[in-house]
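Trainee: I'd like to ask some things about the structure below.
Every number here is computed from the coordinates shown, using simple stated rules; none is lab data. Values in this document were obtained by computation on a predicted structure and should not be read as measured data. Quick reminder, even Gly has a Cβ in these numbers, built from the backbone with ideal geometry, and neighbours come from all protein chains shown.
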Amino acid sequence: MKILIIKRDKIGDLLLTTPMLRHLRHSLPNAEIHLLANDYNAWVVQNNQDIDRLWIYDRVKVGKTLRIAAAFKLVWLEFKLRLERFDVALVAGGDDSARAIKRALHIRAKRTIAYCAGGNPLKSKVSDPLLVVPDMHEVDRMLAQLVPLGIPAPEKQLYPSYSLPTACQNFALEWLRERGLSPQKYIVLGLGARRAKKQPTTEQVLAWSRYFKEQWGFDTVFMWTPGKSDNPLYPGDDEVAQPVLDAESPCIHPFRGALMPALGLIWSAKVSIFPDSGLMHFAAASPGGVLGLFAETDVSPSPAQWGPKGARVDYLEARQSVAELADDVIFSKIAKLMAN
């Protein structure tokens, strides 16, 4: 059987697809598994052993910029994929995505599997339309997409996984050495959320970092996305981070850097704290695990679908903003994660 998995979302979303890929490979060891990703997220599965071939397309729209050349390349790529004569095209994702379904239909596989809402006009063209199951985690929703192939849910929970490149590990070790820090002897505290209400306040960052130092002797690596909040490609957190930097706390070590080096520091941490974001999911897959922060989930993603998945994870959900979360609740959660 020849299967194409289509995943056009962000890096965290693709990471959450890895349990489905693992279960598919285990259940159909002789299947030929291909994955179609874009030039932003494909690196997440670059060396994934559950994939036989990774196809990468350039995004046609980046921010507000349209890349005409990328559009022509995509048409040619879809033609080449059509020549592969796939038995199955599976739109990996826990919600209805008309754009992804259209891409799958262009491949002209014998079967197309996708979540389709009742009013989706493409539903009649999908051979295996699935109804979204509410209150189910994104990982489990994608595992359920394998049922039409005769693959039931796994007997035990499968967690997202990622193999950290050696270069990232080496960067982290050198960065830590230069600052007198040791692996597993610090906590990563990140901002990295598109909604400000999901981020800890300056006062919380300073108070939590002070407690970690006094209680456990752990310094804090304070991490945020570089750039301004109005960046059309990816909003940054420089303005939010600046008041923390101005406080000049001796136990806080700022890290304003690229994504891959950030992963190296997360992998060497005792534990991490992140708002709902792609980095939260990567931290959940790291040895130290993560405490995820959620807020205002009546209008933004809920932890029921997007909470961290891993062997050492937990989360807290605030009604309006993370600023509402009491310090002692945070400290209790972190203590339990560190004890695991």
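Trainee: Amide H neighbours of Val62 under 5 Å, counting only residues 5+ apart in sequence or on other chains, H built in-plane at 1.01 Å?
Mentor: Amide H neighbours of Val62, under 5 Å, 5+ apart: Arg67.
Trainee: Further question: May I ask which residue of Ala114, Leu173, Leu265 lies farthest towards the positive end of the charge dipole of the chain, with charges of +1 (Lys, Arg) and -1 (Asp, Glu) on Cβ and the Cα centre as origin?
Mentor: Ala114
Trainee: Using θ = phi - 60° and the Karplus form 6.51 cos²θ - 1.76 cosθ + 1.60, what ³J(HN,Hα) does each residue of region 91-99 get, whole Hz, x for Gly and Pro?
Mentor: 3J(HN,Hα) across region 91-99, in whole Hz: 7, 6, x, x, 9, 5, 9, 4, 5.
Trainee: Treating the beta-carbon of each Lys and Arg as +1 and of each Asp and Glu as -1, no other charges, what is the dipole magnitude of region 2-149 about its Cα centre, to the nearest 20 debye?
Mentor: Computed about the Cα centre, the dipole is about 680 debye.
Trainee: Something else about it: Please rank Glu138, Glu296, Glu155, fewest neighbouring Cβ atoms within 10 Å first, as an exposure proxy.
Mentor: Glu155, Glu296, Glu138
Trainee: Quick check: residue separation of Glu296 and Glu214 times 0.36 nm, minus the Cα distance between them. What number comes out in nm?
Mentor: 26.4 nm
Trainee: Still on this structure: From Cα pairs below 8 angstrom and at least 6 apart in sequence, can you work out the relative contact order of the chain, rounded to a whole percent?
Mentor: RCO, the chain: 15 percent.
Trainee: Could you sort the peptides 326-337, 284-295, 39-50 by per-residue average Cβ neighbour count (10 Å cutoff), highest mean leading?
Mentor: 284-295, 39-50, 326-337
Trainee: Then there is this: Quickly rank 237-244, 302-309, 159-166 as a protection proxy: mean count of other C-beta atoms within 10 Å, highest first.
Mentor: 302-309, 237-244, 159-166
Trainee: Taking every DSSP beta bridge with both residues inside region 2-149, roughly what % is antiparallel (nearest 5)?
Mentor: The antiparallel proportion sits near 10 percent.
Trainee: Now for a separate question. Round to a whole angstrom and tell me the spacing of the C-alpha centers of region 173-197 and region 292-340.
Mentor: 18 Å
Trainee: Which entries in the list Lys80/Lys110; Lys123/Lys156; Lys64/Lys102; Lys61/Lys110; Lys102/Lys228; Lys156/Lys213 go over 26 Å, if you measure between the two C-alpha atoms of each?
Mentor: Checking Cα-Cα distances, Lys123/Lys156; Lys61/Lys110; Lys102/Lys228; Lys156/Lys213 exceed 26 Å.
Trainee: Ok, one more. At a threshold of 8 angstrom on Cα-Cα distance, excluding pairs fewer than six apart, so keeping six or more, what relative contact order does region 1-153 reach in percent?
Mentor: Once divided by the residue count of region 1-153, the mean separation gives 23 percent.
Trainee: Let me have the 222 nm mean residue ellipticity of the chain computed from DSSP H runs of 4+ only, each contributing -39500 (n - 2.57), with the sum over all residues rounded to the nearest 500.
Mentor: -10000 deg cm²/dmol
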